[in-house]
Amino acid sequence: MAMRWDDALAVLAAERYPRLLGRAMLLTGDRESAEDLVQEALIATLRRRRNFDSLAQAEQYVRRAIATRFVDGLRSASASRRREERAFEEAAVPDPASDVGGAIDLAAALHSLPPRTRACVTLRYLEDMSVRETADALRLSEGAVKRYVHDGVRALNARLGTTDDADASPTVSVDAKGGAR
């Protein structure tokens with residue numbers, strides 16, 4: 001049975017808002033911008049008054065709208081704004097207190113990435129989207145997504161002291177009889 005848009009909005013706002021806000025905070029880095037982003041995504045998704053097959057489907061639409069709105073916001077920023085952000089990111093000195101005992105918060109590490117790289121890494125690994133799905137959601141080529149993810153994982157590895165390989169994908173060997181080994 002299809003879920004009406006107004007029912008979906010009520011349940012999403014009551015039950016799923018904290019999870020949606022958390023995803024948006026990973027992209028924006030601050031609560032106020034994340035709240036605005038979630039609000040915009042809810043409006044964009046539900047203003048068409050579409051019905052959903054399930055609450056999970058409605059939430060997925062909103063999660064993709066969050067990512068899309070985030071990237072659209074980046075695209076609409078003026079060139080001077082982007083230059084200022086780049087200059088700020090390059091000039092930022094990491095807080096030595098955040099590196100106590102080698103433990104750095106993942107959210108802080110993600111926020112240190114450039115916005116488009118952060119969006120690609122978040123969608124690929126936290127939203128578990130394929131390269132193609134990520135490219136479609138962000139309106140990028142698959143090659144660009146692969147590059148942003150590679151660069152992002154390399155930067156996160158350097159910041160977190162890990163050695164995960166962005167290019168490695170899980171493989172399963174198959175023996176001659178067709179069974180997995």
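The values are calculated or read from the model by the stated rules, or taken from the named source; none is laboratory data. Quantities reported herein were computed from a predicted structural model and do not represent experimental measurements. Glycine gets a Cβ as well: all are built from the backbone with ideal geometry, and neighbour counts include every protein chain shown.
General remarks:
- Beta carbons closer than 7 Å, at least 6 apart along the sequence or on distinct chains, pair a first residue in segment 150-162 that is more than 16 Å from Pro114 (Cβ to Cβ) with a second that is aliphatic (A, V, I, L, M) and assigned to a helix (DSSP H, G or I) for Leu160/Ala109.
- Considering residues of segment 45-56 that are assigned to a helix (DSSP H, G or I) and in contact (Cβ under 8 Å) with a residue 40 or more places away in the chain only, the residue surrounded by the fewest Cβ atoms within 10 Å (Cβ to Cβ): Leu55
- Members of segment 130-139 found to be at pLDDT 90 or above and of a type in the set (A, V, I, L, M), listed by number: Val131, Ala135
- Selection of segment 117-127 for residues being farther than 15 Å from Ile66 by Cβ and surrounded by fewer than 19 Cβ atoms within 10 Å (Cβ to Cβ) yields only Tyr125.
- If the condition is being surrounded by fewer than 16 Cβ atoms within 10 Å (Cβ to Cβ) and of a type in the set (S, T, N, Q), then segment 1-38 contributes only Ser33.
- Set Leu42, Leu37, Leu21: member being over 22 Å from Cys120 (Cβ atoms), in a helix (DSSP H, G or I) and at pLDDT 85 or above: Leu42
- Among (1) at pLDDT 90 or above; (2) in the same structural domain as Thr28 (by TED's automatic domain parsing); (3) over 15 Å from Thr28 (Cβ atoms) - the single one Ile66 does not satisfy: (3)
- Counting only residues that are without any contact (Cβ under 8 Å) to a residue 40 or more places away in the chain and not in a helix (DSSP H, G or I), segment 24-34 holds 1 of them.
- Some residue of segment 141-148 being at pLDDT below 90 and either over 26 Å from Arg63 (Cα atoms) or surrounded by 12 or more Cβ atoms within 10 Å (Cβ to Cβ) (or both): no
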